[in-house]
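S.K.: A single structure is presented below for examination.
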Amino acid sequence: MRAEKLLCSHRATIKEVMVCIEKNGKGTAFIVDDGGRLKGVVTDGDIRRLLIEGYGLNEPIRDYMKKDFVYASIREKAEEIRKKFNYAVRIVPLVNEKMEPVDYGEYNENIHISLAQPQLSGNEYKYLMDAFLSTWISSTGKYLSRFEEGFSAWCGVRYGVATSNGTTALHLALAALGIGAGDEVIVPDMTFAATINAVLYTGAKPVIVDLEEESWCMDPEAVEKAVTERTKALIPVHIYGQPCDMGRLCETAKKHGLYLIEDCAEAHGAMWKGKKAGSYGIISCFSFFGNKVVTTGEGGMCITDDKELYEKMRLLRDHGMSKEKKYYHEVVGFNYRMTNLQAAIGTAQVERIDEILQWRTEVENMYRKAFSGTEKVRMQRDDLKDRKKIAWLVSILVAEDRRDTVLAHLKANGVDARAFFIPLSEMELYRDYAKDCRVSKRISRMGINLPTTWEMDREKIGRIAELVAEAL
Ligand SMILES: *Cc1c(COP(=O)(O)O)cnc(C)c1O
């Protein structure tokens, strides 16, 4: 633990803290209480001031240190941590969830690698300006149908309904299927909260199930066990680009007469048995948020082969307003529309989607090579039967007790990395809906997402692998 040599007990005297600062060569000490929690940060400048003000060397530091100090959580973005530095703050302690300092950031102007970045160098600007200059900047315009048709066709599905974001896409799908109070919907434990929130919006009860060990996707066995008389649907999430076992999940859905809704927010273009994610569900939902594989800034889409559901979703997306009789409302709808400006960006993204996926895979393969020498790092599997994953954020597992150290070391060196999603079952808000989710809890505590941006190259990835190895 790199922070160790900066640690001083709050019981230490001013002199002892001085000695600690002298020895560690960093000009700074982190003052911790008996439980190891950070209580203060003292610099050599602070000590000088105390002595000038006449305090004795044997007085306890805790009585004289400043109560406000700068620190950062290892969950914060590297970019945010950078903003905390200034002429007086050269070292920022990085704390874990228990407020224990595990590492520190040092001021360094040179490197910063962000986690994700939209890649907009094709026709994005041209189409966006075209839409802008046409003044069709609201939710009508030629790019909307082009984007809906282009993206759904690329997935191998007939109809697309573009939405304001991925969360509204999920809610729209559930609403169109008539899911509501009294129904149960099965979701995986490790996902972004939007998956379960969409279920809760409808009044239905979510049922949270565990993951498969190797794929980190919803476990078909656990799904089968969770089905009750009230179960209406399941929402498999293709997590971090890995497709779920669509064979067994479709079988379960069919056997019990359940709707299968795919959450493809992280898996544009992933495949199961040669068919794209999104082509298995009765409705499948995508997100086009800024860090996703295809982006429109904010945005989402529901795709389906079912004409009736397609029309229902269009109706619900647009306030439930009758197509024949304007301002006559037949159902309680929503305003979940996408703008023509967003669709213009999306249209350009669809033109290049295969190219985008290609470089992402290349980046992931560079990581694979860089980590191939160490058994302490386990990359997300890309060799599972029938599955072809895509590279969203590159995902690795390390020993549970080293995960936070690795994260902190990366951030301390300007590399943005992210801990895996906290399992839904570990949040107060959702806990009561969860079945036994032990695999998910373990995987989540071991997982780290690494940067996957356009600017990644062998050298940067080599540096990241080095930092990970140092921390391990
Ligand atoms: C991003 C994401 C969503 C939600 O998408 P937004 O566009 O941010 O609303 C839903 N599910 C998963 C798994 C996601 O990663």
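The values are calculated or read from the model by the stated rules, or taken from the named source; none is laboratory data. Quick caveat, the model's predicted, so the values are computed rather than measured. Note that we place each Cβ from the backbone using ideal geometry, even for glycine, and neighbour counts take in every protein chain shown. Note: areas computed on protein heavy atoms with side chains; ligands, DNA, RNA excluded. Shrake-Rupley method; radii C 1.70, N 1.55, O 1.52, S 1.80 Å.
S.K.: Could you tell me which numbered condition Gly54 fails, if it satisfies all but one of (1) farther than 30 Å from Ala471 by Cβ; (2) outside any loop (DSSP other than H, G, I, E, B); (3) open to solvent by less than 90 Å² (accessible area, probe 1.4 Å)?
M.R.: The single condition Gly54 does not satisfy is (2).
S.K.: With the structure loaded, tell me whether Ser425 is hydroxyl-bearing (Ser, Thr, Tyr), at pLDDT 95 or above and within 15 Å of Arg378 (Cβ to Cβ) or whether it fails that test. I'd like the intermediate steps shown before the answer.
M.R.: Details: hydroxyl-bearing (Ser, Thr, Tyr): yes; at pLDDT 95 or above: yes; within 15 Å of Arg378 (Cβ to Cβ): no.
So Ser425 does not fit the description; no.
S.K.: Right, Ala253: without any contact (Cβ under 8 Å) to a residue 40 or more places away in the chain and of a type outside the set (Lys, Arg) or not? Walk me through it before giving the result.
M.R.: Details: without any contact (Cβ under 8 Å) to a residue 40 or more places away in the chain: yes; of a type outside the set (Lys, Arg): yes.
Here the answer is yes, as Ala253 does meet what is asked.
S.K.: Can you name the residue in region 218-248 that is in a strand (DSSP E or B) and within 16 Å of the ligand (Cβ to nearest atom) and, of all such residues, is nearest to the chain's Cα centre (by Cα)?
M.R.: Pass one, region 218-248, residues in a strand (DSSP E or B): 218, 231-234, 237.
Narrowing further to those that are within 16 Å of the ligand (Cβ to nearest atom): 218, 233-234, 237.
Numbers: Met218: 17, Ala233: 24, Leu234: 21, Val237: 13 Å.
So, considering only residues that are in a strand (DSSP E or B) and within 16 Å of the ligand (Cβ to nearest atom), the one nearest to the chain's Cα centre (by Cα) is Val237.
S.K.: Here are some conditions: (1) touching a Pro at 6+ places or on another chain (Cβ under 9 Å); (2) at pLDDT below 90; (3) hydroxyl-bearing (Ser, Thr, Tyr). Tyr87 meets all but one. Which one does it not meet?
M.R.: Single failed check for Tyr87: (1).
S.K.: Let me ask another. Quick test of your reading of the structure: Val70 fulfils all but one of (1) modelled with pLDDT under 95; (2) among the aliphatic types (A, V, I, L, M); (3) open to solvent by less than 50 Å² (accessible area, probe 1.4 Å). Name the failing condition by number.
M.R.: (3)
S.K.: Looking at Ala204, Ala222, can you tell me which residue is over 11 Å from Ser440 (Cα atoms) and either hydroxyl-bearing (Ser, Thr, Tyr) or in contact with a helix residue (DSSP H, G or I) (Cβ under 8 Å, 6 or more places away or on another chain) (or both)?
M.R.: Details: Ala222 fails: either hydroxyl-bearing (Ser, Thr, Tyr) or in contact with a helix residue (DSSP H, G or I) (Cβ under 8 Å, 6 or more places away or on another chain) (or both).
When all the criteria are applied, what remains is Ala204.
S.K.: Could you name every one of the strands (runs of 3 or more DSSP E) located completely within region 251-320 that has at least 3 residues being under 27 Å from the mean Cα position of the chain (by Cα) and surrounded by fewer than 24 Cβ atoms within 10 Å (Cβ to Cβ)? Spell out how you get there, then give the answer.
M.R.: On the way: elements: 259-263, 283-287, 300-304.
In region 251-320, no matching strands (runs of 3 or more DSSP E) lie anywhere.
S.K.: Give just the number: which of (1) aliphatic (A, V, I, L, M); (2) buried (at least 21 other Cβ atoms within 10 Å of the Cβ); (3) under 24 Å from the mean Cα position of the chain (by Cα) does Ala175 not satisfy?
M.R.: Exception for Ala175: condition (3).
S.K.: Of all residues being over 20 Å from Gln342 (Cα atoms) and of a type in the set (Asp, Glu) in region 249-299, which is farthest from the ligand (Cβ to nearest atom)? Just the residue, please.
M.R.: So, considering only residues that are over 20 Å from Gln342 (Cα atoms) and of a type in the set (Asp, Glu), the one farthest from the ligand (Cβ to nearest atom) is Glu251.
S.K.: Let me ask something else. How about region 323-346: which of its residues are under 22 Å from Leu174 (Cβ atoms) and in contact with a strand residue (DSSP E or B) (Cβ under 9 Å, 6 or more places away or on another chain)?
M.R.: His329, Glu330, Gly333, Phe334, Asn335, Tyr336, Arg337, Met338
S.K.: Still on this structure, please answer the following. Filter region 392-413 for residues that are in a strand (DSSP E or B) and under 15 Å from the mean Cα position of the chain (by Cα); which is nearest to Asn291 (Cα to Cα)? Please lay out each step first, then the result.
M.R.: Residues of region 392-413 that are in a strand (DSSP E or B), as a first pass: 394-397.
Going one step further and asking which of them are under 15 Å from the mean Cα position of the chain (by Cα), we end up with 394-396.
Values: Val394: 13, Ser395: 15, Ile396: 18 Å.
For region 392-413, the residue satisfying everything is Val394.
S.K.: Please enumerate the residues belonging to region 389-441 that are free of Cβ contacts under 8 Å to residues at least 60 places away in the same chain, touching an Asp or Glu at 6+ places or on another chain (Cβ under 9 Å) and closer than 24 Å to Ser372 by Cβ.
M.R.: Passing the criteria: only Val394.
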